[in-house]
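Colleague: I'd like to ask you about the structure that follows.
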Amino acid sequence: MCATCKLRNRQQIDNALRYFAQCREDGRTTVPWRTFAEHVIVRGDFEYPYKWRAVLKHARTCLGIETRQSKSSSR
């Protein structure tokens, strides 16, 4: 369990991360993960007390969402 999992509004954050992941998968946005995490979750209305890296780590480890910029770059 990470620090994000302990937040009272974790479900809202999880829903936003899942929605954004679906938008990226469907090709509806090309906004990078870092930009989304920093501007929507950290600086947005979620009152997120940690840095954007914690958002992405939570998405990867706790939700199983791939947050890499490009799957082809890992080859």
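Colleague: Condition test on Leu63, is it out of contact with any Pro (no Cβ under 8 Å at 6 or more places or on another chain), touching a residue at least 40 places away in the same chain (Cβ under 8 Å) and surrounded by fewer than 17 Cβ atoms within 10 Å (Cβ to Cβ)?
Modeller: yes
Colleague: Among the residues in the stretch 43-51, are any open to solvent by 100 Å² or more (accessible area, probe 1.4 Å) and either hydrophobic (A, V, I, L, M, F, W, C) or part of a helix (DSSP H, G or I) (or both)?
Modeller: no
Colleague: Has the stretch 54-66 got any residue that is of a type outside the set (Lys, Arg), over 15 Å from Arg10 (Cβ atoms), outside any helix (DSSP H, G or I) and modelled with pLDDT under 95?
Modeller: Yes.
Colleague: I need a count of the residues in the stretch 25-42 that are open to solvent by 90 Å² or more (accessible area, probe 1.4 Å) and part of a helix (DSSP H, G or I).
Modeller: Here is the first cut: in the stretch 25-42, the ones open to solvent by 90 Å² or more (accessible area, probe 1.4 Å) are 25, 28, 30, 34, 39.
In the following step, the residues that additionally are part of a helix (DSSP H, G or I) were identified as 25, 34, 39.
Of the residues in the stretch 25-42, 3 are open to solvent by 90 Å² or more (accessible area, probe 1.4 Å) and part of a helix (DSSP H, G or I).
The values are calculated or read from the model by the stated rules, or taken from the named source; none is laboratory data. Remember, predicted model here, so these are calculated numbers, not experimental data. Cβ: placed from backbone, ideal geometry, glycine included. Neighbour counts: every protein chain shown. When the accessible area is computed, the model is the full protein with side chains, heavy atoms only, and any ligands, DNA or RNA have been set aside. Shrake-Rupley method; radii C 1.70, N 1.55, O 1.52, S 1.80 Å.
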